[in-house]
1. For the stretch 165-192, give me the residue count where each residue is open to solvent by less than 40 Å² (accessible area, probe 1.4 Å), within 17 Å of the chain's Cα centre (by Cα) and farther than 19 Å from Arg94 by Cα.
2. Being of a type in the set (Val, Ile, Thr), open to solvent by less than 40 Å² (accessible area, probe 1.4 Å), under 26 Å from Leu182 (Cα atoms) and at pLDDT 70 or above narrows it down to one residue among Val125, Val147, Val133, Val77; which is it?
3. Before we move on, is Ala95 open to solvent by 60 Å² or more (accessible area, probe 1.4 Å) and either assigned to a loop (DSSP other than H, G, I, E, B) or under 30 Å from Gly153 (Cα atoms) (or both)?
4. Of everything in the stretch 80-92 that's open to solvent by less than 60 Å² (accessible area, probe 1.4 Å) and closer than 13 Å to Leu43 by Cα, which residue is farthest from the chain's Cα centre (by Cα)?
5. Does the stretch 21-35 include one or more residues that are aliphatic (A, V, I, L, M), closer than 25 Å to Ala92 by Cα, in contact (Cβ under 8 Å) with a residue 40 or more places away in the chain and surrounded by 14 or more Cβ atoms within 10 Å (Cβ to Cβ)?
6. Quick one: is Leu43 free of Cβ contacts under 8 Å to residues at least 24 places away in the same chain, crowded, with 17+ Cβ neighbours inside 10 Å and of a type in the set (A, V, I, L, M, F, W, C)?
Amino acid sequence: MELFSRADRTDDASLIAGFAIGDEAASTAFVRRFQDAVYGLALSVTREPGLAEDVSQEVFVRAWRAAGTYDPRRASVLTWLLTITRNAAIDAVRARRPTPVLAGTLERLIGATLQSEEPERLALVALESRRAVERLRALPLEQARAVALAVLGGCTAAEVGQHEHIPLGTAKTRIRTGLRRLRNALKEESHG
C-alpha cells in the first residue's frame, strides 16, 4: 500500500492544474500541501480558531473555482492562495463587525437618551450640538461628509471611500483634514 500518492510529490503548478479539473488525488494533495499555511494566515487575521477554519474551507472553494485562471507568471501558487486567504479572512471579519450607525439613527438615540435630563442640561447639550453642527457646516462639503460618515456613522476610511466613490487615500485625507480643522476651530473658540 502506498502511503502518499504521486500527486503528493507533484510540483505546485501541476498540482493546481489537477485541482482545477477536479482530479481527486490532486485536490487532496493540494489541500494537504497548503492547509497549514492557509489556516495560519486565516487565524492571524481573524484571531478566532473557528472562524479561521470556516475561512480556510471557503478559501479552498474559491481556489477551486479560480484554479483555471491561475497564472504562474504572476505569482507562485502559495502567494496566489495566500492572497485569496487574506481577502476571505478580511471579508469574514468585516461581516462580523457591527454595521455603522446611520446619522439619523444616532440623532434619535441621542434625543431619546437626553429626554430624561433636566431642562438646563438639555439646553446646554442643544447649544453644544448646534455649535458642533455649525463647525461641521463650516468645513468644505466633501470634508464635512467624510467626517460625518467617519465620526457619526462609524465608517472606516475604506467605507467612506466606497460611500463617496473616492479612492481610499482621498477619503483618509478628507477625514484627517476635516478633523484637524474642527480641532483648530475648537481651540480658537476656547482661546477667543
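1. Residues of the stretch 165-192 that are open to solvent by less than 40 Å² (accessible area, probe 1.4 Å), as a first pass: 166, 171, 175, 177-178, 182, 185.
Now restrict to residues that are within 17 Å of the chain's Cα centre (by Cα): 166, 171.
Remaining after also requiring farther than 19 Å from Arg94 by Cα: 166.
Total meeting the criteria: 1.
2. Selected residue: Val147, the only one of Val125, Val147, Val133, Val77 that is of a type in the set (Val, Ile, Thr), open to solvent by less than 40 Å² (accessible area, probe 1.4 Å), under 26 Å from Leu182 (Cα atoms) and at pLDDT 70 or above.
3. Working: open to solvent by 60 Å² or more (accessible area, probe 1.4 Å): yes; either assigned to a loop (DSSP other than H, G, I, E, B) or under 30 Å from Gly153 (Cα atoms) (or both): yes.
Here the answer is yes, as Ala95 does meet what is asked.
4. Taking the stretch 80-92 and keeping what is open to solvent by less than 60 Å² (accessible area, probe 1.4 Å), we get 80-82, 84-85, 88-90, 92.
Filter once more, so that each one left must be closer than 13 Å to Leu43 by Cα: 82, 85, 88-90, 92.
Numbers: Leu82: 17, Thr85: 14, Ala88: 10, Ala89: 9, Ile90: 6, Ala92: 9 Å.
The selected residue is Leu82.
5. Narrowing the stretch 21-35 to residues aliphatic (A, V, I, L, M): 21, 25-26, 29, 31.
Now narrow it down to the ones that are closer than 25 Å to Ala92 by Cα: 31.
From the residues that got through so far, the ones that are in contact (Cβ under 8 Å) with a residue 40 or more places away in the chain too are none.
So far as the stretch 21-35 goes, no, none of its residues is aliphatic (A, V, I, L, M), closer than 25 Å to Ala92 by Cα, in contact (Cβ under 8 Å) with a residue 40 or more places away in the chain and surrounded by 14 or more Cβ atoms within 10 Å (Cβ to Cβ).
6. On the way: free of Cβ contacts under 8 Å to residues at least 24 places away in the same chain: yes; crowded, with 17+ Cβ neighbours inside 10 Å: yes; of a type in the set (A, V, I, L, M, F, W, C): yes.
Judged against the criteria, Leu43 is a match.
The values are calculated or read from the model by the stated rules, or taken from the named source; none is laboratory data. Just so you know, these numbers come straight off a predicted model, no measurement behind them. Don't worry about glycine lacking a Cβ; one is built from the backbone with ideal geometry, like all the others, and counts go over all protein chains shown. When the accessible area is computed, the model is the full protein with side chains, heavy atoms only, and any ligands, DNA or RNA have been set aside. Shrake-Rupley method; radii C 1.70, N 1.55, O 1.52, S 1.80 Å.
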